[in-house]
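Student: Structure in structure tokens, see below.
The values are calculated or read from the model by the stated rules, or taken from the named source; none is laboratory data. All values reported here derive from a predicted model rather than from experimental measurement. We place every Cβ from the backbone using ideal geometry, glycine too, and count neighbours over all the protein chains shown.
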Amino acid sequence: MDVIFVEPCFPANQREFVRALHSVGARVIGIGERPKSALDEGLQHWLTHYEQIGNVTNEAELEKTVRWIQGKANVQRLEAVVEAHVMAAARVRERCGIPGTTERTALLCRDKPLMKEALRKAGIPCAASIGSGDPAEIRAFAEQVGFPVIVKPRDAAGASGTYRADNLAELAEALETCGVGRGRSVAVEEFIEGHEGFYDTITIDGEVAFDFVSHYYPNVLDAMRTRWISPQFVATNRIDAAPAYEEVRAMGKKVIEALGIGTSATHMEWFFGPKGLKFSEIGCRPPGVRAWDLYAAGNEIDIYREWAMAVVHGRRSRAPSRRFAAGIIALRPECDGRITGYDGGDEVHRRFGEYILDSHLPPPGTPTQPVSAGYMANAWVRMVHPDYDTLRSMLDFVGQTLKVRSA
């Protein structure tokens, strides 16, 4: 099978998708923005051919290149796994007659208000929401559902560009920041109180072949705005054993069906609180922050290869073991500036060295990144353990003990 893969060079784990496709027998043709000289030795070996273009989200440029490749190869799949690339790839895929995620599905997974509207019609509980570029309409919506409300770009990924408004003044400030009233439209949602987690899958012809549940501690919006918090997310290994996850899995199956997802990775977020289980949003692509690495370690699988098996052969090669829970804790520098050193690292390794999957501790002198830059922007530690609760306590200890000094 000839498979076009969009942007094999960046971000760094893109190469793993190419490796996996090659490993299951695909002839992989890369389209990316970097020169061929930027391909590392592995990519040069795994790729049958590579074409450089100026911008992989420029649909006209991407389509022209895909059609040129179709004249020389029997292209049966066109794959894009980065949120910013998904929409352009879907449109070009349809124009060029290549099977895969449709434009409709990509749009519903990217535009938050349209997504919520489609899911509510399918009977899936979601926060009340509106998509609008009219400040008066948004104010009326906020007063109707009650504060707080969440304001985010219609095509947001994660907590990027997301604001919580607790009153009209904060709402006006958020709308001004987002450009509402100057031609920009945003998604505005009812604030849902409760615990936040995510449900990730690899689907084959609309059926879930792999699924994973992870939990945020604390919720993302708090984690991305509070320096003293060392936030975590943890993938549970209890998904098959705990009946409570059945509701999450059933909801995820309904979402996949309602949005017409065929063979793809998905990333879904949810809340559970006083109003019960509520769906938040979905991406028709793998999760970010290298969550797949945690799933691979916890389940003793090459998850990239399993994705490739789904794409190329329409099946999986092995089942997840569910042997380990796996998680990451982000460690924030005490202030913005440059990292000067670390305290507590020796104690963490003495206690838990055998359970540390890997870590990233930038050397002294490295400029710090803002808290809002995400879980892997500065220092982090990833760990595994057979018992979920024990892993949680270990990650807590790391957060309390391993300090990132900066000045």
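Student: Can you report the number of residues in the range 363-395 which are without any contact (Cβ under 8 Å) to a residue 40 or more places away in the chain, closer than 19 Å to residue 229 by Cβ and of a type outside the set (A, V, I, L, M)?
Tutor: 4
Student: If you take the residues in the range 67-101 that are among the β-branched types (Val, Ile, Thr) and part of a loop (DSSP other than H, G, I, E, B), which one is nearest to residue 203 (Cα to Cα)?
Tutor: Among residues in the range 67-101 that are among the β-branched types (Val, Ile, Thr) and part of a loop (DSSP other than H, G, I, E, B), the one nearest to residue 203 (Cα to Cα) is 101.
Student: Regarding the range 158-169, can at least one residue be identified that is within 22 Å of the chain's Cα centre (by Cα), on the phi < 0 side of the Ramachandran plot and hydrophobic (A, V, I, L, M, F, W, C)?
Tutor: yes
Student: Same structure, new question: Kindly indicate the residue of the range 104-116 that is in contact with a Cys (Cβ under 9 Å, 6 or more places away or on another chain) and of a type outside the set (A, V, I, L, M) and also farthest from residue 285 (Cα to Cα) among those meeting that condition.
Tutor: 116
Student: Could you please tell me which pairs satisfy a Cβ distance under 6 Å, a separation of 6+ or placement on different chains, a first residue in the range 347-359 that is within 16 Å of residue 404 (Cβ to Cβ), and a second residue that is surrounded by 12 or more Cβ atoms within 10 Å (Cβ to Cβ)?
Tutor: Close Cβ pairs (under 6 Å, with a partner that is surrounded by 12 or more Cβ atoms within 10 Å (Cβ to Cβ)) amount to 347/401; 348/398; 348/401; 348/402; 359/381.
Student: Starting from residues that are hydrophobic (A, V, I, L, M, F, W, C) and in a strand (DSSP E or B), keep the ones in the range 256-277 and report whichever is nearest to the chain's Cα centre (by Cα).
Tutor: 268
Student: Starting from residues that are crowded, with 18+ Cβ neighbours inside 10 Å and part of a helix (DSSP H, G or I), keep the ones in the range 356-391 and report whichever is modelled with the lowest pLDDT.
Tutor: So, considering only residues that are crowded, with 18+ Cβ neighbours inside 10 Å and part of a helix (DSSP H, G or I), the one modelled with the lowest pLDDT is 371.
Student: Can you list residue pairs whose Cβ atoms sit under 6 Å apart, with the first residue in the range 4-30 being free of Cβ contacts under 8 Å to residues at least 60 places away in the same chain and of a type in the set (Gly, Ala, Ser) and the second being assigned to a loop (DSSP other than H, G, I, E, B) and buried (at least 22 other Cβ atoms within 10 Å of the Cβ)? Count only pairs 6 or more apart in sequence or on different chains.
Tutor: That search, which allows pairs on different chains as well, returns 30/8.
Student: State all residues of the range 102-117 that are in a loop (DSSP other than H, G, I, E, B) and among the hydroxyl-bearing types (Ser, Thr, Tyr); if no residue qualifies, say none.
Tutor: Within the range 102-117, just 102 meets the criteria.
Student: Something else now. So which residues in the range 124-181 are acidic (Asp, Glu) and under 21 Å from residue 284 (Cβ atoms), if there are any at all?
Tutor: Answer for the range 124-181, where residues must be acidic (Asp, Glu) and under 21 Å from residue 284 (Cβ atoms): just 155.
Student: Would you check which residues across the range 239-276 are touching a strand residue (DSSP E or B) at 6+ places or on another chain (Cβ under 6 Å) and surrounded by fewer than 16 Cβ atoms within 10 Å (Cβ to Cβ) and list them?
Tutor: The one that is touching a strand residue (DSSP E or B) at 6+ places or on another chain (Cβ under 6 Å) and surrounded by fewer than 16 Cβ atoms within 10 Å (Cβ to Cβ): 247.
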